[in-house]
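Working notes, structure below.
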Amino acid sequence: MSLFESDKSAQRLPVSLITGFLGSGKTTLLNRLLRRDDMKDSAVIINEYGEVSLDHLLVERVDGEVAVLASGCICCTIRSDLEQTLRDLLVKRDRGEIPPFRRILVETTGLADPAPIVQLLLNNPLVSHFLRLDTIVTTVDAVNASHQLDRQYEAVKQVALADRLLITKRDLVDDVGSLELRLRQLNPGARIETVDHGEIDPAHLFGAGLIDPEKKRIDVARWLNEHAFAEPHAHAGHSHHDRHAHHDHDHHDHDASITSFMLAFDEPLDWMAVTHWLAHLRNARGADLLRVKGILNLHGEAAPVVIHGVHHVFHPPVALAAWPDRDRRSRIVFITRGISRADVLELWQAVRAAA
């Protein structure tokens, strides 16, 4: 009998977060997406109608916050808080007051820290029972990104948390090679796409979660993207190396503080030791744990257990139905600020020794 709840994410509506710095093209992306036939069954949550220039798409106001777009998509503004807005949308849908929808897109303001929204989706029982985090999309302005990343930690964090990085305004610059390199160093696990005036196939944009509901299967490789972190395999119980951002002299310290690495363990792990280890990390350095996600092989569990967290807030661990392939290693990806692989591994060794 497993200690863990079985994973039910395939039964929950996917929520994708669209973030990115001021002027990086979020609104253009949204407008293009909401005109597509294959996105008609979407609900989009924005901060203000006027702020994102969707007025020309609105055809019918359902009430003060909700409108039905010409495409059939639902559009609503964030009320007092996002949790209430999400719950209201679900209630209106279930009552038949608005058309049904199969996904939700949430657009943040340009200066927003996406972490609190991710935490809400990971570990608020009133929300996470019905919804699941699908993809964090960050738009990156090819013209201004270097300047923004140098000076604004929010821009760096938006990149570090992302599953998908969309380079916009590519036609206005000669070369994006150095920007792509910088983005890969900040977040090696994210997939980088270049978009032309917001035009992109949603299949390339969404679907970054562990469960692929369309194919009804687990996709660990897609979720962890461990090959992006891979170095020559270390000894059993050790890990792959850090990927630090090597930055030019004119870059500020934001890049240098961001570290990405994967720990891989060949032998099954003790859940109590893992719990103490992660709890200590969260309590001592929660603000610097930008994102943690992993699949664990635990003593006494026939199937893998999944962990996923942002800062000090983690999704309750869930057990998958079965191992997706023959690889039985525990693998945990960390994206941190000022916490090295050596720090994390040293703490693990200490906790394991104490246990």
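On the stretch given as region 134-170, residues that are open to solvent by 40 Å² or more (accessible area, probe 1.4 Å), of a type in the set (Lys, Arg), assigned to a helix (DSSP H, G or I) and touching a residue at least 60 places away in the same chain (Cβ under 8 Å) total 1.
Under the condition of being under 21 Å from Lys169 (Cα atoms) and in a loop (DSSP other than H, G, I, E, B), which residue from region 1-35 is least open to solvent (accessible area, probe 1.4 Å)? Looking at residues that are under 21 Å from Lys169 (Cα atoms) and in a loop (DSSP other than H, G, I, E, B), I get Ser24. Among the residues of region 151-158, is there at least one that is hydroxyl-bearing (Ser, Thr, Tyr) and under 22 Å from Pro14 (Cβ atoms)? Scanning region 151-158, I find no residue that is hydroxyl-bearing (Ser, Thr, Tyr) and under 22 Å from Pro14 (Cβ atoms), so the answer is no. Please verify whether Leu86 is open to solvent by less than 10 Å² (accessible area, probe 1.4 Å), touching a helix residue (DSSP H, G or I) at 6+ places or on another chain (Cβ under 7 Å) and modelled with pLDDT under 90, treating the condition exactly as stated. Here the answer is no, as Leu86 does not meet what is asked. The residues of region 116-126 that are at pLDDT 90 or above and either surrounded by 18 or more Cβ atoms within 10 Å (Cβ to Cβ) or of a type in the set (A, V, I, L, M, F, W, C) (or both), listed by number, are Ile117, Val118, Gln119, Leu120, Leu121, Leu122.
The values are calculated or read from the model by the stated rules, or taken from the named source; none is laboratory data. Nothing here was measured: the structure is a model prediction, and the numbers come from that model. All Cβ positions, even for glycine, are placed from backbone atoms using ideal geometry, and neighbour counts span all protein chains on display. For the accessible areas, the whole protein counts, side chains as well, though only heavy atoms, and no ligand, DNA or RNA atoms are used. Shrake-Rupley method; radii C 1.70, N 1.55, O 1.52, S 1.80 Å.
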